[in-house]
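The values are calculated or read from the model by the stated rules, or taken from the named source; none is laboratory data. Please read all numbers here as calculations on a predicted model, not as lab measurements. As a convention, Cβ positions derive from the backbone with ideal geometry for all residues, glycine included, and neighbour counts pool all protein chains shown.
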Amino acid sequence: MSASLKDIARTAQVSEATASLALNGRKGVNEKTRQKVLDTAKELGYVSNGTARSLARRKSGLIGVMVPNISNLFYSNLVRHIERSLRDMGYKMILVTTESNINYEKEMIRHFVSFRVEGAIIYPSIKENEKPEYINLLMQNGIPMVFIGNYYPGIDAPHVMSDLYKGVREAVDYLYITGSRHFYYLGGCKSIVSNQLKLDAIRDYLTERGLEFPDDHYLLLEHTRYENAFIRMDALLSSGKEVDAVIAADAFSALAVYNVFQKHGIKVPDKASIISFDNLLYPDVCVTRLSCIEQDLGSIVNCTMQNLQAMIQDGSKGVSHLSPTKLVLRDTTKQYLAAEKGYAG
């Protein structure tokens, strides 16, 4: 439900009569108080009764979609799948790329409300943002929302994503049984849920086998780009650290790791193995064919759409879902157990 006049008055610390005058542009309210009331109404996502009745009679046919960026192959492919599904369902997409900017994300949530979107699909990516209250503006205005690929743990909404914990454990298990003992992970902010699941998977598996995964074995990238990954890995190997297994957040970071190993005379996969996230680059265009953890984007998007459609049509709460991943083994991992374990190549 939208915030009420009473909510506006209480938050702005004025009477309901004063709030009503200010919201309707009537005389009898000084400019400072009027602006305070208007700012409060905007903050709370207030929709006047007349506007609410008008909106209830119409459907916009719009779905708001929010992702961190579209320069990353994973996000661009995710958006492609989403847009195709929305088109098949008769909806149009409003796409927002936040670049993980909390103020912009907050502003665009307000715009989703003002654009009268019928639903929202959000990929959370902002660190230290466990309970962003501004997302509740969607629910307050009767707009159903599904998290995709990740989630903010403090918000009561369904999420659809890969089973990252299980997928990474499977990858670490393969690397371990093929001889790796010095593991590193290369990726983004560890405080967001998706990366925390990956970290937990690596640490839990190694702990069970009497090995440590120290904090400095998580190589934090401010941006998951080739050049950032190259610099971090080059500095690590130049320091003399022993590395024989790297899991990278994306294909370009994995290629950077491969090139750093080549620079330092470390043969892949004889002396070190690399597993990338996602199977989005055609393997034969790479210098070496990357082993990877493949996420089923089609399944993730289909489940998200089913959730959203049910929430829009029936008012249901939606159901969270984890989609299985697949370990694909190619040139950057040892192969002698691949057939035995039944892995794809």
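Condition test on ALA339, is it part of a helix (DSSP H, G or I) and at pLDDT 85 or above?
No.
Conditions: (1) crowded, with 21+ Cβ neighbours inside 10 Å; (2) within 30 Å of GLY64 (Cβ to Cβ); (3) not basic (Lys, Arg). VAL257 meets all but one. Number of the miss?
Of (1) crowded, with 21+ Cβ neighbours inside 10 Å; (2) within 30 Å of GLY64 (Cβ to Cβ); (3) not basic (Lys, Arg), only one is false for VAL257: (2).
Is it the case that GLN309 is out of contact with any Leu (no Cβ under 7 Å at 6 or more places or on another chain), free of Cβ contacts under 8 Å to residues at least 60 places away in the same chain and over 21 Å from LEU73 (Cα atoms)?
no
Please go through the range 273-303 and pick out each residue that is aliphatic (A, V, I, L, M) and part of a helix (DSSP H, G or I).
VAL285, LEU297, ILE300, VAL301
Just need a number here: residues in the range 91-114 that are in a loop (DSSP other than H, G, I, E, B) and modelled with pLDDT under 90.
Qualifying residue count for the region: 3.
I want to confirm something. Restricting to the range 221-233 and keeping residues that are within 25 Å of TYR174 (Cα to Cα) and either modelled with pLDDT of 95 or more or assigned by TED's automatic domain parsing to the domain that holds PHE74 (or both), which single residue is surrounded by the most Cβ atoms within 10 Å (Cβ to Cβ)?
Among those that are within 25 Å of TYR174 (Cα to Cα) and either modelled with pLDDT of 95 or more or assigned by TED's automatic domain parsing to the domain that holds PHE74 (or both), it is ALA229.
Give me the pairs, please: first residue somewhere in the range 184-195 and under 15 Å from HIS159 (Cα atoms), second residue anywhere and charged (D, E, K, R) and modelled with pLDDT under 90, beta-carbon distance under 6 Å, and either six or more positions apart or on two chains.
ILE192/LYS127
From the list TYR134, TYR104, TYR91, exactly one residue is free of Cβ contacts under 8 Å to residues at least 12 places away in the same chain and surrounded by 14 or more Cβ atoms within 10 Å (Cβ to Cβ). Which is it?
Of TYR134, TYR104, TYR91, the one residue that is free of Cβ contacts under 8 Å to residues at least 12 places away in the same chain and surrounded by 14 or more Cβ atoms within 10 Å (Cβ to Cβ) is TYR104.
Could you list, in sequence order, the residues of the range 86-125 that are under 17 Å from ALA157 (Cα atoms), β-branched (Val, Ile, Thr) and within 13 Å of the chain's Cα centre (by Cα)?
Within the range 86-125, ILE121, ILE122 meet the criteria.
Can you tell me how many residues within the range 173-184 are touching a Leu at 6+ places or on another chain (Cβ under 7 Å) and either under 23 Å from HIS223 (Cβ atoms) or surrounded by 15 or more Cβ atoms within 10 Å (Cβ to Cβ) (or both)?
4
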